Structures are given as structure tokens and as C-alpha cells.
Amino acid sequence: MKALVFNMLTIAATFAAMTACTSESDPVDEVQTKGKTPIEFSSSILGVQTKAIVSDDQFQDGQKIGIYGYKTAEPSSDYLTTNFINNKEFTYSGSTFTATDAYWERDATHFFYAYYPVASTTADPTGYQLTEATNSVAPSVKVVCQKDSGIDQDLLWAQPASNGFQFSGVSVNNVSLPFSHKLSQVKFLIKLENTNIPTSALTKISLNVDKSEGSLNIITGELTETGSSVALSKTISSTDITVAGINCDNYNPLVLPSSIISDLKVTINNQELPVTLTTAPALVAGKITTITITVKPTNVIMESSITQWGDGGTPGVGEV
């Protein structure tokens with residue numbers, strides 16, 4: 001999935017204890033103290049329910065999220081001692097995420113952290129790579145903005161409840177993991193000022209962004225952005241621009257949210273034209289910035305707007 005286009009994904013998990021075998025005289029809800037109670041994610045009694053805020057946008061079967069779990073207290077300086085779930089994969093099927101071999105500890109407080117897509121310590125072609133925790137450094141995921149295409153997959157992170165979740169041995173209250181977007185998305189709309197403009201065929205759009213790499217702290221959710229300029233571009237089949245506008249063959253690159261856009265150009269009628277940014281667009285994490293480029297008799301101008309994931313950002317204006 002190129003990008004999960006929704007503002008927030010809520011995973012609500014209800015965890016219930018498995019009762020041990022009892023005699024007829026045993027209390028019905030008695031739990032065997034030496035038994036293990038599995039942590040289960042599902043859409044019913046034991047589970048994780050998923051709900052996309054934007055309709056028709058949700059995980060697909062087989063996709064995975066990564067979970068980190070800690071006991072006793074939120075980790076702030078020691079990221080190994082109390083870790084009991086380490087980058088464990090939970091797989092989506094139907095409407096639920098499930099995994100195996102994850103258990104509650106009786107009378108302990110549990111803290112959970114989730115992210116998507118699941119990464120490993122081996123570099124992935126999508127640009128995602130995991131750095132495991134050390135005693136003093138939190139686990140993190142590196143994401144790379146790649147030439148032409150940008151970032152291949154949406155980066156999501158779920159912040160847990162700050163006070164954790166207590167397991168008494170019988171049941172635990174719902175656990176809510178609300179996912180939020182950590183990246184920004186850019187859309188383009190190119191249109192003619194009016195019907196008096198001669199036929200104008202678009203074949204390419206290009207731009208630069210000044211951030212090439214990000215690192216997501218899986219515990220805090222903080223995204224650190226670094227790197228140098230990256231050239232993004234899309235070559236499309238020759239398409240006549242209309243007054244209503246065309247969407248550049250759905251070229252909607254994902255980029256790091258503090259990126260600054262520069263050197264925006266369009267190729268029209270085989271001529272590469274610079275777009276004058278009279279007001280530069282400002283990108284925002286979890287928002288779509290729509291850049292509207294208007295072809296006029298003497299130049300091309302640009303405007304921008306920001307919406308939820310969804311659409312969003314600080315408006316900008318420019319010209320070709």
C-alpha cells in the first residue's frame with residue numbers, strides 16, 4: 001500500500017483472562033495463578049477493533065503492525081530491562097490484528113507502542129529500517145525519501161495511554177492505540193486560467209524537497225528529520241490541461257513534514273516551465289497539501305491549500 005490515507009486509525013483492545021480448568025465446586029471466574037494469559041487482539045471480546053476515520057481506507061489482509069511492550073513503567077532511560085514484547089508482528093485479517101506468544105503478567109502494569117509498516121534491521125527497498133534499542137537509546141525506525149517517488153509507504157505511530165494497563169489476573173480495561181500519520185502528502189492540480197488559453201499538454205512535473213531522511217522514536221513518536229535535497233518527478237502520458245484541472249496522473253508523493261519545496265517545474269507542450277512560488281506551501285504531518293498550478297497567457301502560477309488526511313497545510317501561491 002503506497003499510503004494509508006486516513007487521519008487516525010483507532011485500535012481498541014479488550015483483554016480477558018482464560019480461566020483454568022476447575023472442579024464443579026470451583027468459582028466460575030477463578031484463574032489458575034500459574035497459568036499464562038495470552039494478550040489477544042481481535043474485533044470481538046478479546047481484541048483489537050480497527051476503524052478508519054475516512055471511509056473505505058483501512059488495512060488490508062496480511063498487513064502487519066509492530067508492537068513494543070514494557071512492564072512496570074514507561075521507558076525513559078532503560079529500554080531493555082522491562083521490555084517483554086520486542087517488535088512483535090500483529091497481522092491484520094478481516095477486521096482484526098492477531099499474534100501469538102504474548103502474555104500478560106499478573107499484577108503488573110503494561111505499556112504498549114505500535115507503528116506501521118513493520119521494519120527489520122535489514123534495509124528494505126521501501127527505505128524503512130529498524131534500529132533496535134540499547135540500554136540507553138530507544139528503538140527507532142529510519143525512513144528514506146527516495147528520488148522521484150518520495151517515501152513509498154505511509155508511516156503511522158500509536159501513542160499508548162500514559163498510565164499503562166494493569167492486569168489483575170481476571171480482566172483488563174480496553175486498550176486504545178490511536179494511530180496518527182507522521183508524514184505529509186503533496187497533491188497537484190494543474191488547470192488553465194480560462195478557455196482562451198491554447199491547448200496545453202502536460203507531460204511531466206518535478207520538484208525538490210530538502211529533507212531526505214527521518215528517524216521515528218518508537219517510544220515517544222518524535223520524528224527527527226535530516227539529510228539533503230531530493231529531486232522528485234513524475235513523467236505522465238501527454239494530457240491536455242483543462243479549466244477544471246487535472247491531477248498529474250495521481251502523483252501524490254509522501255514526504256517528510258518539515259520539508260521545504262523548491263524548484264517546482266512543469267513540462268507543457270514539450271517545454272519545461274518554472275513555477276513561481278509567490279507564497280511557499282508549508283507541509284504538515286498527517287495533512288495533504290494541495291498545490292494548484294494555473295496556466296496563464298504569460299506565466300504559470302501556483303496556489304496551495306492544506307487539508308486533513310484528508311487535506312491540509314499553510315496556503316502558498318506561485319506562478320509559471
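Quick notes on this structure:
- Screening THR122 against (1) at pLDDT below 90; (2) polar (S, T, N, Q); (3) over 25 Å from ILE288 (Cα atoms) leaves a single unmet condition, (1).
- Number of the exception - ARG106 against (1) closer than 23 Å to LEU216 by Cα; (2) in a loop (DSSP other than H, G, I, E, B); (3) of a type in the set (Lys, Arg): (1)
- Selection of segment 149-164 for residues being modelled with pLDDT under 80 and over 21 Å from LEU130 (Cα atoms) yields ALA161, SER162, ASN163.
- Yes/no for SER95 being within 21 Å of the chain's Cα centre (by Cα) and modelled with pLDDT under 90: yes
- Exactly one residue among ALA133, ALA123, ALA138 is closer than 23 Å to LYS64 by Cα, of a type outside the set (D, E, K, R), surrounded by fewer than 22 Cβ atoms within 10 Å (Cβ to Cβ) and free of Cβ contacts under 8 Å to residues at least 40 places away in the same chain, and that residue is ALA123.
- Scanning segment 165-176 finds one or more residues that are surrounded by fewer than 17 Cβ atoms within 10 Å (Cβ to Cβ), at pLDDT below 95 and over 20 Å from ILE85 (Cβ atoms).
- Residues in segment 197-228 that are exposed (fewer than 15 other Cβ atoms within 10 Å of the Cβ) and in contact with an Asp or Glu (Cβ under 8 Å, 6 or more places away or on another chain): THR199, ALA201, THR226, SER228.
- Counted residues, segment 285-295 - those being at negative phi, modelled with pLDDT under 90 and surrounded by fewer than 22 Cβ atoms within 10 Å (Cβ to Cβ): 0
- Matching residues in segment 130-155 - criterion: being under 15 Å from the mean Cα position of the chain (by Cα) and more than 22 Å from ASN250 (Cα to Cα): SER140, VAL141, LYS142, VAL143
- Scanning segment 300-317 for any residue that is modelled with pLDDT of 95 or more, surrounded by 15 or more Cβ atoms within 10 Å (Cβ to Cβ), part of a loop (DSSP other than H, G, I, E, B) and not charged (D, E, K, R) turns up nothing.
The values are calculated or read from the model by the stated rules, or taken from the named source; none is laboratory data. Note that the coordinates shown come from a computational prediction; the quantities given were computed from them, not determined experimentally. Note: ideal-geometry Cβ built from the backbone for every residue, glycine included; neighbour counts use all protein chains shown.
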